[in-house]
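Some notes on the structure that comes next.
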Ligand code: ADP
Ligand code: MG
């Protein structure tokens, strides 16, 4: 990827990049809708991501290009970073520049910028966090600043929340920033506090992206958010993270049946994140896989954020050999399913799953095979 970036950069700008930074995409491993409930989540940085090349300019011009879009977009550095007024990809790096002063960082002056990626866009792997983190690292390197990792993570989230306008939690940027090969990233969303947990290197990830999206996904997401907050209020706590499975059971009668189901999903999911951490530390991938599948069943029956397509993939995957467990990954209501497998699960098995899906739903899901990778880093 590095030599491909240098070639693209040179083609666009007639010189080489001075700085190269990369940041990975991520998989939501376990911890479904736990973030805004103050809970915990485990994510995996993967071995695919976005690479950004940068070379400074003396004339104060900022030029942006990407292998995913035609043309070069220019802006003067003496204008404050402004959005393009439309949904352009350049709002991601611009949003990062606009976030800098909020964290006491100096914005970069003029530069030539090029981004390339081996991460599918919009596949639930957070290419957006990857481009934010890679851009942030390149910009701080260009200005000789060395903020800590947590600041970079918060800069990325700030850009996405405030400049791009996507109300994502800390998972995407936290995992892209703190990822580590053969590890998962653990996030306690209340701090936030970041940690890593070892993952045996024989663990492999397979992602099946259905390209389906519920027409009402934003409204459904907001409805779940509201149901969780109302359940917390009825139970007399600020956030559902303050309720244990035992206290929830003892107080379940206070909640409407639907609110009870939503609360049970969140409270038990937070407990599952904890159990998954313990099983990982014990190197017990079979137990981890069972927790992943239990998480999906809870989505399916309690939180009701699954779909027949996602359920079919999970059912097919857990019945296949060499699969430890499988669940929907991300917000749900469509999107992607991930499976944790041993190295013996290969293309033949994955294709068989995709074929069975196509026979039922008419189109094949996209298949992506990934392993863990390192978090955002400067390459030179
Ligand atoms: P996801 O984060 O799940 O991949 P999003 O819709 O949040 O999906 O973010 C995708 C957007 O991020 C793209 O539409 C594009 O604007 C931007 N993006 C990601 N990677 C690149 C890239 N390599 N070059 C240009 N823009 C990118
Ligand atoms: Mg995104």
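Here are the numbers:
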{"item": "Conditions (1) modelled with pLDDT of 95 or more; (2) surrounded by 13 or more Cβ atoms within 10 Å (Cβ to Cβ); (3) out of contact with any helix residue (DSSP H, G or I) (no Cβ under 8 Å at 6 or more places or on another chain): number failed by residue 272", "result": "(3)"}
{"item": "Flag if residue 155 is away from ligand 1 (no atom under 13 Å from the Cβ), touching a helix residue (DSSP H, G or I) at 6+ places or on another chain (Cβ under 7 Å) and closer than 13 Å to residue 93 by Cα", "result": "yes"}
{"item": "Residue in the stretch 31-39 that is assigned by TED's automatic domain parsing to the domain that holds residue 122, buried (at least 20 other Cβ atoms within 10 Å of the Cβ) and within 18 Å of residue 289 (Cα to Cα) present", "result": "yes"}
{"item": "Scan of the stretch 167-195 for residues that are over 21 Å from residue 328 (Cα atoms), in contact with a helix residue (DSSP H, G or I) (Cβ under 7 Å, 6 or more places away or on another chain) and without any contact (Cβ under 8 Å) to a residue 60 or more places away in the chain, ordered by number", "result": "192, 194"}
{"item": "Those residues of the stretch 275-290 which are surrounded by fewer than 23 Cβ atoms within 10 Å (Cβ to Cβ) and in contact (Cβ under 8 Å) with a residue 40 or more places away in the chain, in sequence order", "result": "277, 281, 283, 285"}
{"item": "Number of positions in the stretch 222-238 that are touching a residue at least 60 places away in the same chain (Cβ under 8 Å) and surrounded by fewer than 17 Cβ atoms within 10 Å (Cβ to Cβ)", "result": "2"}
{"item": "Members of the stretch 3-58 that are in contact with a helix residue (DSSP H, G or I) (Cβ under 7 Å, 6 or more places away or on another chain), assigned to a loop (DSSP other than H, G, I, E, B) and more than 30 Å from residue 340 (Cβ to Cβ)", "result": "16, 17"}
{"item": "Lone unmet requirement of (1) in contact with a helix residue (DSSP H, G or I) (Cβ under 6 Å, 6 or more places away or on another chain); (2) not assigned by TED's automatic domain parsing to the domain that holds residue 133 for residue 223", "result": "(1)"}
{"item": "Residue selected from the stretch 345-368 under the condition in contact (Cβ under 8 Å) with a residue 60 or more places away in the chain and surrounded by 16 or more Cβ atoms within 10 Å (Cβ to Cβ), by the criterion nearest to residue 324 (Cα to Cα)", "result": "345"}
{"item": "Filter result (part of a helix (DSSP H, G or I) and closer than 16 Å to residue 52 by Cβ) within the stretch 100-116", "result": "100"}
{"item": "Residue identified as outside the structural domain of residue 244 (by TED's automatic domain parsing) and in contact with a helix residue (DSSP H, G or I) (Cβ under 7 Å, 6 or more places away or on another chain) among 340, 328, 302, 378", "result": "378"}
{"item": "Which listed residue is within 15 Å of ligand 1 (Cβ to nearest atom) and in the same structural domain as residue 28 (by TED's automatic domain parsing), from 141, 107, 136", "result": "136"}
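The values are calculated or read from the model by the stated rules, or taken from the named source; none is laboratory data. Just so it is clear, the structure is predicted and the values come from calculations on it, not from any experiment. Because the Cβ atoms are built from the backbone with ideal geometry, glycine has one as well, and the counts that use them run over all protein chains shown.
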